[in-house]
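Bear in mind these aren't lab numbers, they're just calculated from the coordinates by the rules spelled out. A quick note: this is a predicted structure, and the numbers were derived from the prediction, not measured.
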Amino acid sequence: MLYHEFLEGTGAVDNQASYDEYKRVEAFYMACDGMTKEDVYRMAKVETVAQYEARMEKAREDELAWVMQNIIPAAAFIRGMSEKKDYFRRNFVYASECGNCFELREVRAINGRSVVLYEFWANGKKLDTSECGYGLLPSAEFQSYRADWHDKSLKELEDLFGYIA
């Protein structure tokens, strides 16, 4: 039995966990003469593509909800991660692991770029930032990546900024 046959037969996601499960059940398949591929597919414990997509959709929704509650820290994180990747970007872009794409689009520079105003976009849609007290986000409100917290996890950022109890 080949790995691509296993993926097609089980409907599994192509990742390391599926490959490890394939190696486990392949040993049974090779050792037992009477076992069919369908038996192996039923025996395998894998995450299907539909389950993976549902999990990623929930993660995207949770992440968007967190961003909407924490606009300024999220903007700072996006700016830091974008600058880490490419320092010379005009607009800051960050694609998260679960598939959300965030962007801070420059609208206007004031006083020789000492303050730059940004719009906050997520997945191609402009977010309403008026709840945080700003129509446009001023760059002075969120620090650069030099603040040394761009590699922190979501939990560490919540602890650092104290926005979510």
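For the residue pairs K37/K58; K58/K85; K45/K85, the C-alpha atoms sit more than 30 angstrom apart in K37/K58; K45/K85. Could you work out how far the C-alpha centroid of region 24-38 sits from that of region 98-116, in angstrom? Each part's Cα centre sits 56 Å from the other's. Rounded to two decimals, the Cα radius of gyration of region 1-138 over 2.2 N^0.38 Å is 1.60. Pairwise Cα distances in region 1-57 exceed 19 Å for 24 percent of all pairs.
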